1. When you check G236 against the structure, is it touching a strand residue (DSSP E or B) at 6+ places or on another chain (Cβ under 9 Å), within 16 Å of ligand 2 (Cβ to nearest atom) and within 18 Å of V330 (Cβ to Cβ), yes or no?
2. Would the stretch 259-267 turn up any residue that is in contact (Cβ under 8 Å) with a residue 12 or more places away in the chain, of a type in the set (D, E, K, R) and surrounded by fewer than 24 Cβ atoms within 10 Å (Cβ to Cβ)?
3. Take the conditions in contact (Cβ under 8 Å) with a residue 12 or more places away in the chain, within 16 Å of ligand 1 (Cβ to nearest atom) and farther than 17 Å from E331 by Cα and apply them to Y194. Does it pass?
4. Examine the stretch 376-387 for a residue that is modelled with pLDDT of 95 or more, over 26 Å from Q293 (Cα atoms) and not assigned by TED's automatic domain parsing to the domain that holds T301, and state whether such a residue exists.
5. Might you let me know whether the stretch 298-320 holds any residue that is free of Cβ contacts under 8 Å to residues at least 40 places away in the same chain and under 27 Å from P154 (Cα atoms)?
6. Do we have T217 as within 16 Å of ligand 1 (Cβ to nearest atom) and more than 28 Å from A163 (Cβ to Cβ) here?
7. Taking the stretch 220-251 only, how many residues are within 16 Å of ligand 1 (Cβ to nearest atom), in a strand (DSSP E or B) and in contact with a helix residue (DSSP H, G or I) (Cβ under 6 Å, 6 or more places away or on another chain)?
8. Step by step: first the residues of the stretch 255-277, then only those that are among the hydrophobic types (A, V, I, L, M, F, W, C) and near ligand 1 (Cβ under 6 Å from one of its atoms), then the one that is nearest to R309 (Cα to Cα). Which residue is that?
Amino acid sequence: MSDSHEIRPGGDAPEPRGDRGARPDTPEPAGKRKPVKAPELPRVGSTPAKPPVPSTEPEAATPAGPKGAKPAGPPGAKKPTLPPARPASASGKKPALPPKPGGPKRPPARPPGAKRPSLPPGGRLVEPGGDGGGDLPVLTRKDFVSGADVRWCPGCGDYAVLAAVQRALPELAENKENVVFISGIGCSSRFPYYMDTYGFHTIHGRAPSVATGLKATRPELDVWVVTGDGDALSIGGNHLLHLLRRNLDCQVLLFNNQIYGLTKGQYSPTSEVGKVTKSTPYGSLDHPVNPVQFALGADSTFVARTLDRDPKHMQAVLKAAHGHTGTSLVEIYQNCNIFNDGAFFDFTEKDTKPERAIFVEDGKPLLYAKGTKGLRLDGLRFRTVDLERDGLAASDCVTYDSSDKALATLLAQQTFWDAEMPRPFGVLYQEARPTYDALLNEQIEAVVETQGERSLQDLLNAGQTWTIEA
Ligand SMILES: Cc1ncc(C[n+]2csc(CCOP(=O)(O)OP(=O)(O)O)c2C)c(N)n1
Ligand code: SF4
Ligand SMILES: [Mg+2]
């Protein structure tokens, strides 16, 4: 059975395309695509009535913000500023590839903890005289749009993430040719087709492994991993764990829609208990994974959470993630309007968002509900307070510090399980630690320095060898 699907009214059989789609980028003949009709799925839990789904137009869902703009808050609320994108490099030059006398040599890996070179805000790297090309045109969002026919359902949250990434990249990409998107399998994993960059649509759950191989051998590349909650945390859980603990220098965009979208709506490792789906007709019994808690437990060096319906916040988080040297795990709450509509409306819609979402910012008190409520620590327990009712000031609330792992862990864990607590968004944790790719390349260089370049044959003949005689 194919995993790809075409949503058809009345539940027509999908067109067989295979995981990747037989010809994923070929526009369909006019009239072949039919309007989408969301199937009625039973609901569980105490999710309040859902507001109507906003415009299905991707552009409408992701209004453009000025480049480098700070995230805007809900009406009347103070929105946090996120850590700035990486600082501009002194030279502004892209990392030069090393000469290759006598065979390929590895480009120098960035030293541990070093920040990536950056670009002038809104501009692309210009190398006067570099590469013999003189000044290069400024990159825009359009430069990252592949023009392939986007096959996500109308109204899918994936469009908003795609648009945010395409808007952020002109400011982040050192040059387009060095950007690579690597995905696994799932609706979200179709992402690389839509980016006009290099990309791999790999196999289920294995994007971290492909990314590790690529970045380890080509450390100058700017590697992005795109994955879904099923891809990353079911079949790929093991692979994600090792990516995070190794701290490969890349960004991981984890599209969490709490469902298997591509295979038509089975429960996923992030689905809530009691979820009724085709694979759990009597309700899921599984204890769900909290992806940010998983990442913190795996010793990830950068953990953030953002929302498809808050494009400015998402762009700011993407920039912060890109500015971090090491694996940056970004969980994105993404609405699957076909198989799990409204899973995150509590956190995204304007009537509930102020009470249910808290935007963390370094050095600022943990405040929400338009600044009227906050979080305090009572021993190791977070408690909500109402400033006016409790006669407290903002300064009585916990001041956030994204370098404090204990704080991030308590916040991530306690807010996930208690519906009375607001859920945190923003950069929850970051630390500087040597990256796997830097360490690996340093080690190789050190060995080559002492032992010289070796061939594969040398390796095969090294150490103990046996001759089998007839
Ligand atoms: C080895 C293997 N097992 C199972 C599948 C079927 N399969 C394809 S996508 C998918 C789940 C995708 O869910 P998720 O990662 O949440 O992505 P979404 O479609 O929701 O974006 C599964 C189980 C597969 N393609 N390969
Ligand atoms: S995630 Fe859901 S809405 Fe989006 S393309 Fe897949 S099935 Fe459609
Ligand atoms: Mg999913």
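1. On the way: touching a strand residue (DSSP E or B) at 6+ places or on another chain (Cβ under 9 Å): yes; within 16 Å of ligand 2 (Cβ to nearest atom): no; within 18 Å of V330 (Cβ to Cβ): yes.
Criteria not met by G236.
2. First pass over the stretch 259-267, keeping only residues in contact (Cβ under 8 Å) with a residue 12 or more places away in the chain: 259-267.
Now restrict to residues that are of a type in the set (D, E, K, R): 264.
Next cut, surrounded by fewer than 24 Cβ atoms within 10 Å (Cβ to Cβ) only: 264.
Looking for residues that are in contact (Cβ under 8 Å) with a residue 12 or more places away in the chain, of a type in the set (D, E, K, R) and surrounded by fewer than 24 Cβ atoms within 10 Å (Cβ to Cβ), one finds at least one in the stretch 259-267, hence yes.
3. yes
4. Step one: filter the stretch 376-387 for residues modelled with pLDDT of 95 or more, giving 376-387.
Narrowing further to those that are over 26 Å from Q293 (Cα atoms): 386-387.
Keeping just the survivors that are not assigned by TED's automatic domain parsing to the domain that holds T301 gives 386-387.
Yes, that holds for at least one residue.
5. Step one: list which residues in the stretch 298-320 are free of Cβ contacts under 8 Å to residues at least 40 places away in the same chain, which gives none.
No.
6. Details: within 16 Å of ligand 1 (Cβ to nearest atom): no; more than 28 Å from A163 (Cβ to Cβ): yes.
In short, no.
7. Residues meeting the conditions: 4.
8. Step one: list which residues in the stretch 255-277 are among the hydrophobic types (A, V, I, L, M, F, W, C), which gives 255, 259, 262, 273, 276.
Narrowing further to those that are near ligand 1 (Cβ under 6 Å from one of its atoms): 255, 259, 262.
Details: F255: 13, I259: 18, L262: 21 Å.
Selected residue: F255.
The values are calculated or read from the model by the stated rules, or taken from the named source; none is laboratory data. Small disclaimer: the values here were computed from a predicted structure and weren't measured. Cβ coordinates were reconstructed from backbone atoms using ideal geometry, including for glycine residues, and neighbour counts include every protein chain displayed.
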